[in-house]
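The values are calculated or read from the model by the stated rules, or taken from the named source; none is laboratory data. All values derive from a computational prediction rather than experimental measurement. All Cβ positions, glycine included, derive from the backbone under ideal geometry; neighbour counts span all protein chains shown.
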Amino acid sequence: MEKVRVRFAPSPTGPLHLGGVRTALYDYLFAKSQGGEFVLRIEDTDTARYVEGAEEYIEEALEWCGITADESPKKGGKFAPYRQSERRHIYDGYTEQILKTDYAYIAFDTSEELDAIRAEYEARGDVFSYDNKTRNRLRNSLALSEEEVETLLLNKTPYVVRFKMPVDRTLNLEDIIRGKFSVNTNTLDDKVLVKNDGMPTYHFANIIDDHEMKISHVIRGEEWLPSLGLHTLLYEAMDWEAPQFAHLSLILKPEGKGKLSKRDGDKFGFPVFPLNFTDPVTGNVSKGYRESGYLPEAFINMVALLGWSPADDKEILSLDEMTKEFDLNKVHKAGARFSKEKAEWFNHQYIQMKSDEELLEILKGSDLNLALPDEKLLKIIHLMKERATFPKDIYENGKFFFEAPTSYDEKASKKAWNDETSDILKELALSILNIEGKEDNAETLKQKIHDFAEKKALGMGKVMMPLRLALVGELKGPDVPDIMELLGNAEVSTRINNAINNFK
Ligand code: GLU
């Protein structure tokens with residue numbers, strides 16, 4: 001069998017959407033699962049839709065996800081260049097080639113002329129389509145005489161190349177995920193293949209490059225399924241063998257109906273882009289998973305499972321494990337519903353798998369003010385990671401390790417503090433924190449508090465609750481003795497005094 005070669009072919013028209021990341025990931029996983037190659041090709045023939053910085057964004061996003069291309073604009077490769085705008089010299093020959101067949105013709109209609117026809121149709125309640133029913137009445141080489149065409153060409157009249165869609169042919173198409181289906185060519189129009197500046201459009205450049213780059217499998221979003229008929233005929237016209245196709249279903253809104261959009265992300269508070277993206281025109285920033293505190297491993301694991309179920313319904317898989325398990329035949333035909341909760345669940349799971357040291361590195365890479373020695377930070381991480389969905393939660397939920405409380409939660413105060421509490425805590429502080437210079441560990445502190453409560457015939461709650469309130473400012477956090485060990489005797493004593501003064 002020929003080598004498996006799969007390409008991800010985004011257009012640099014904006015940031016990569018979640019769906020784009022999933023396409024890239026499945027392209028990569030399939031290629032690698034077959035011992036094949038994964039190619040990144042930038043499809044930038046549509047200069048009107050080009051967005052500054054989008055290509056760099058795509059490269060950076062894939063890099064962050066760990067989806068490494070074997071060939072790409074940056075890396076190069078045996079079929080370089082990998083940017084369509086740099087491949088014009090390759091396309092020209094193929095334009096000539098297709099014009100020699102019966103599958104293409106040239107058309108001189110200006111956009112004003114076509115707009116006028118469209119408006120005419122609309123006025124009649126019709127929709128205009130440049131197709132096998134209308135083309136014989138329009139300004140093209142099929143409808144005009146040879147002399148007229150020649151004169152127009154001599155006068156350098158601009159023209160486009162259009163595909164000549166065959167009349168009333170049933171195309172039997174096949175998709176790896178969706179199976180077999182057929183399309184009648186009468187439902188398809190005569191797409192522009194080459195624009196009047198000589199640059200091919202997406203459809204033509206796409207099949208030329210897939211052929212030139214020896215792509216064996218095209219795995220892409222389902223929005224391209226309606227183009228499969230045209231693409232199949234283009235391969236026929238060029239007398240090339242077509243690759244195999246697989247069209248991935250949509251990623252759906254959290255409610256399950258309709259395509260997931262940026263607006264859903266804004267509404268429900270989750271990103272739809274892998275990295276932050278600043279619109280070069282408006283300056284608007286769209287939030288990214290990276291900047292929102294997602295770990296790349298968690299992010300791609302979540303994305304991979306939007307539409308694919310590995311064997312045994314396993315959920316946590318590394319990129320290597322996914323590569324081993326990936327099976328295009330097991331990719332779902334139905335759309336995959338996005339769930340913010342599930343995304344967070346994955347992140348939580350991956351945080352638990354990180355060592356304290358790794359999490360410390362991540363936290364140090366953020367802009368949090370971690371003004372404590374590493375040794376203490378590692379202990380805080382150890383105590384707090386269990387409840388963290390995002391690395392910053394470790395800091396935010398453990399803020400009291402860094403700063404003494406300046407206020408006390410009202411409800412908690414009512415519950416934890418009464419007239420006797422100040423005396424109890426004063427005595428507790430005296431009896432357990434007065435060993436000069438010596439710090440106790442959590443276990444010893446726990447025993448001491450226990451003994452103190454027992455001696456005073458107090459329930460543990462009467463001691464632990466106000467103590468927690470004094471140290472944390474609310475009734476949250478890990479075990480009180482753990483907090484005490486980390487803060488140290490002096491700080492515990494200060495916080496107890498602060499609370500006593502506050503409740504006076
Ligand atoms: N350039 C197209 C896009 O932006 C690629 C479609 C394809 O993979 O054929 O999605």
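Every residue, every condition in (1) among the aliphatic types (A, V, I, L, M); (2) away from the ligand (no atom under 11 Å from the Cβ); (3) in contact with an Asp or Glu (Cβ under 8 Å, 6 or more places away or on another chain), yes or no:
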{"site": "HIS211", "(1), (2), (3)": "no, yes, no"}
{"site": "SER216", "(1), (2), (3)": "no, yes, yes"}
{"site": "LEU225", "(1), (2), (3)": "yes, no, yes"}
{"site": "TYR235", "(1), (2), (3)": "no, yes, yes"}
{"site": "ASP239", "(1), (2), (3)": "no, yes, no"}
{"site": "PHE245", "(1), (2), (3)": "no, no, yes"}
{"site": "SER249", "(1), (2), (3)": "no, yes, yes"}
{"site": "LYS253", "(1), (2), (3)": "no, yes, yes"}
Quick count over the stretch 1-50, residues being within 14 Å of the ligand (Cβ to nearest atom), outside any helix (DSSP H, G or I) and β-branched (Val, Ile, Thr), is 5
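Has the stretch 460-474 got any residue that is of a type in the set (Gly, Ala, Ser), at positive phi and modelled with pLDDT of 95 or more?
yes
Across the stretch 142-172, which residue is surrounded by the fewest Cβ atoms within 10 Å (Cβ to Cβ) among those that are touching a residue at least 60 places away in the same chain (Cβ under 8 Å) and not in a loop (DSSP other than H, G, I, E, B)? Walk me through it before giving the result.
First, the residues of the stretch 142-172 that are touching a residue at least 60 places away in the same chain (Cβ under 8 Å): 161, 163-166, 171.
Adding the requirement that they be not in a loop (DSSP other than H, G, I, E, B) leaves 161, 163, 171.
On the way: VAL161: 25, PHE163: 24, LEU171: 17.
That would be LEU171.
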Would you check if GLU55 is within 15 Å of the ligand (Cβ to nearest atom) and part of a helix (DSSP H, G or I)? yes
Among (1) over 15 Å from the mean Cα position of the chain (by Cα); (2) among the aromatic types (Phe, Trp, Tyr); (3) surrounded by 21 or more Cβ atoms within 10 Å (Cβ to Cβ), which single condition is TYR294 missing? (1)
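Those residues that are away from the ligand (no atom under 16 Å from the Cβ) and either touching a Lys or Arg at 6+ places or on another chain (Cβ under 7 Å) or of a type in the set (Ser, Thr, Tyr) (or both), I need them from the stretch 185-205; list them, please. So that I can check it myself, show each step before the final result.
Within the stretch 185-205, the subset away from the ligand (no atom under 16 Å from the Cβ) is 185-190, 194, 196-198.
Hits for the stretch 185-205 are THR185, THR187, ASP190.
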Would you confirm whether or not the stretch 75-96 contains a residue that is buried (at least 21 other Cβ atoms within 10 Å of the Cβ) and within 12 Å of the ligand (Cβ to nearest atom)? yes
Going by the conditions given, is GLU361 under 29 Å from LEU260 (Cβ atoms), without any contact (Cβ under 8 Å) to a residue 60 or more places away in the chain and either in contact with a His (Cβ under 9 Å, 6 or more places away or on another chain) or assigned to a helix (DSSP H, G or I) (or both)? no
Residue list for the stretch 125-141, restricted to those being closer than 25 Å to TYR91 by Cβ and not in a loop (DSSP other than H, G, I, E, B): ARG135, ASN140
The stretch 100-122, subset aliphatic (A, V, I, L, M) and touching a Phe, Trp or Tyr at 6+ places or on another chain (Cβ under 8 Å), residue farthest from ILE42 (Cα to Cα): ILE117
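Just name the residue that is nearest to the chain's Cα centre (by Cα) out of those in the stretch 429-461 that are part of a helix (DSSP H, G or I) and in contact (Cβ under 8 Å) with a residue 40 or more places away in the chain.
At the first step, the residues of the stretch 429-461 found to be part of a helix (DSSP H, G or I) are 429-432, 442-455, 460-461.
Filter once more, so that each one left must be in contact (Cβ under 8 Å) with a residue 40 or more places away in the chain: 429, 442, 445.
Values: ALA429: 52, ALA442: 43, LEU445: 47 Å.
Ranking the candidates gives ALA442 first.
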Entirely in the stretch 246-345, the helices (runs of 4 or more DSSP H) that have 1 or more residues that are without any contact (Cβ under 8 Å) to a residue 12 or more places away in the chain and either more than 30 Å from HIS217 (Cα to Cα) or in contact with a Leu (Cβ under 9 Å, 6 or more places away or on another chain) (or both): 262-268
Could you please tell me which pairs satisfy a Cβ distance under 8 Å, a separation of 6+ or placement on different chains, a first residue in the stretch 493-504 that is among the hydroxyl-bearing types (Ser, Thr, Tyr), and a second residue that is assigned to a helix (DSSP H, G or I)? SER493/ALA429
